[in-house]
Structures are given as C-alpha cells and as structure tokens.
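Enquirer: This is the structure I want to talk about, given as structure tokens.
The values are calculated or read from the model by the stated rules, or taken from the named source; none is laboratory data. Just so it is clear, the structure is predicted and the values come from calculations on it, not from any experiment. Cβ atoms come from the backbone with ideal geometry, glycine included; neighbour counts cover every protein chain shown.
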Amino acid sequence: MNFAVDSLDAFLEREYKLIIVEIKQTFGSTPREAGTFMLVSPTDAHGTIGGGQMEHMAIDNARALLAGVSDQVEMDIPLGPDIGQCCGGRIVLTFSICDDATRAALDLKLKERLKALPEVWLFGAGHVGRALADALLLLPLKTYAVETRKSELDLMSAGASHRLVAMPEAIVKDIAPGSAVVISTHDHALDFLIAREALARNDLAYVGMIGSKTKRATFASWAKQEGLGDDATGRLVLPIGGKTVSDKRPAVIAAMTAAEILGALNAQ
C-alpha cells in the first residue's frame, strides 16, 4: 500500500479520482478525533485517520467505491479484538466522492484550517534553524524563517515561509499573539535584540534562544540594563531543547525544541 509523502496540494494536482474518508463521530477511546480525514485514490492515499486495521478497512471500501463495486458510504467500526485493535471505542466513517464541488469545499476547509494554525517564527537559518524547520515540517504549524543572509535562507526548507530582512528585531511586533519564537542567529548581539522585543510582549506562547548557561547569564545582565524585568527574562527558554538529552547535534536540538514548542502551544 502506497502513502503519498508530497504535499496535499501536490497530491490533489496529480490525483483526480478520490474518495474523502472522514471521521464523522467517535465514541470512547479512538486514535483520531471527529473531523479528521484522509484522501484515497485507486493506488495511493494521503493523510491518516488513525492507522491499524480500521484504516485498512476504510481504504479498501474507498477503493471499492471508486471501482463501482461498493455503495457503502458510511462505516461504523468497533475498535476491538475483532479487528485486532484494542482502543476500545467506536468510530463512524463517511465516504464521499471528491468531485469538483467537493474539491472546492475541501480547498476552502484547508485554507480555514491553515489560517487557524499556530505560528512558529525561526530567527536564523543556520544549522539549527534549518534542522528545526525540517522538524516542524510535518506538524500542524505555520513556520516562518527570518534571516539577514540570503545565502543561508536559500538553504532553508521550502516548507517555511522565507523572510529576508535587514533588521529582524523590527518585525517581532507584528507576530501574531500566541505564536512561538525561536532565536538562533549567527550574531549574539542580534539574538539579544530579537529576544528583547519578544520578551517585551506577554502574549507569545514560547520564546527560546540557542545558547548556554553563560549566554543566559550574559543576556540577563544585558536585559536588566535594557529595562526588562525578571518576570520577562524568566520567560526565556535558554538553552532551547532542554536537558534530557545532552547531544548537541542540530537535528537532536531541533527534535527536542519542537517538543518544547508543541507543549507550550498546547498549554495555551
């Protein structure tokens, strides 16, 4: 069974015959929530409604619908030992043919969901910034990468919206409330300027900076001179990535930081 790894837009462009499989209702413990959907074509699929035998059953029915050998547009599936799953709940699925009107409705729904996604702003497109952009790529987030150096920004994942600016600290005021800010530029002085602007706000979910205990102490001293109180500097996560794993490779720091960001966003 193939599962598409390209973007949803790319999947929709190359696949025309599609069934939308959507979770209509859930009862008890289930792997995904109501409203979750996946797309199924004769040979491929995009997204997931929770995996396991339940998803295989849904895909088989979707392809039978596409082939004209099934007319079942709803399935009520107990997630128990009969299908080799032990969630214990029950899930109701609906199946709809993705015609032109449905595609237009799906496009509208996806745009609305995109608008509602939390934002993560990455200041710095060096090794850690690029690794973090890659780590965030598959998560339900909108990622923005901000750099002063075009050469570095060109290496950044295309999954992040690129912003080439001369004064990154000047755009912090325009970041949406509830967003996450991660600071990992090539210049400590620039890091401090960005952090000052971010911590001057009290409506951001997460403000993190790459560094060490020494850098934190230096920033705290500098921030005090700049008029930031202890409550503001206390909200700065520095170093990012926590202390659980001591590995300092960019990909590891990125994975740990992504977990921190998700925790902060979900705590709102």
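Enquirer: Just for segment 49-83: of the residues that are polar (S, T, N, Q) and at pLDDT below 90, which one is nearest to residue 99 (Cα to Cα)?
Expert: The extreme case among them is 70.
Enquirer: Further question: Kindly establish whether residue 128 is outside any loop (DSSP other than H, G, I, E, B), without any contact (Cβ under 8 Å) to a residue 60 or more places away in the chain, out of contact with any Cys (no Cβ under 7 Å at 6 or more places or on another chain) and not assigned by TED's automatic domain parsing to the domain that holds residue 62.
Expert: In short, no.
The rows are residues; the columns are (1) within 16 Å of residue 121 (Cβ to Cβ); (2) modelled with pLDDT under 95; (3) touching a strand residue (DSSP E or B) at 6+ places or on another chain (Cβ under 9 Å).
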{"position": "143", "(1), (2), (3)": "yes, yes, yes"}
{"position": "154", "(1), (2), (3)": "no, yes, yes"}
{"position": "157", "(1), (2), (3)": "yes, yes, yes"}
{"position": "162", "(1), (2), (3)": "yes, yes, yes"}
{"position": "172", "(1), (2), (3)": "yes, no, yes"}
{"position": "198", "(1), (2), (3)": "yes, no, yes"}
{"position": "201", "(1), (2), (3)": "yes, yes, yes"}
{"position": "206", "(1), (2), (3)": "yes, no, yes"}
{"position": "219", "(1), (2), (3)": "no, yes, yes"}
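Enquirer: Can you confirm whether residue 30 is touching a Cys at 6+ places or on another chain (Cβ under 9 Å) and not hydrophobic (A, V, I, L, M, F, W, C)?
Expert: yes
Enquirer: Right, another one. So, of the residues in segment 201-234 that are in contact with a Leu (Cβ under 7 Å, 6 or more places away or on another chain) and surrounded by fewer than 18 Cβ atoms within 10 Å (Cβ to Cβ), which turns out to be farthest from residue 261 (Cα to Cα)?
Expert: Residue satisfying both the conditions and the ranking: 215.
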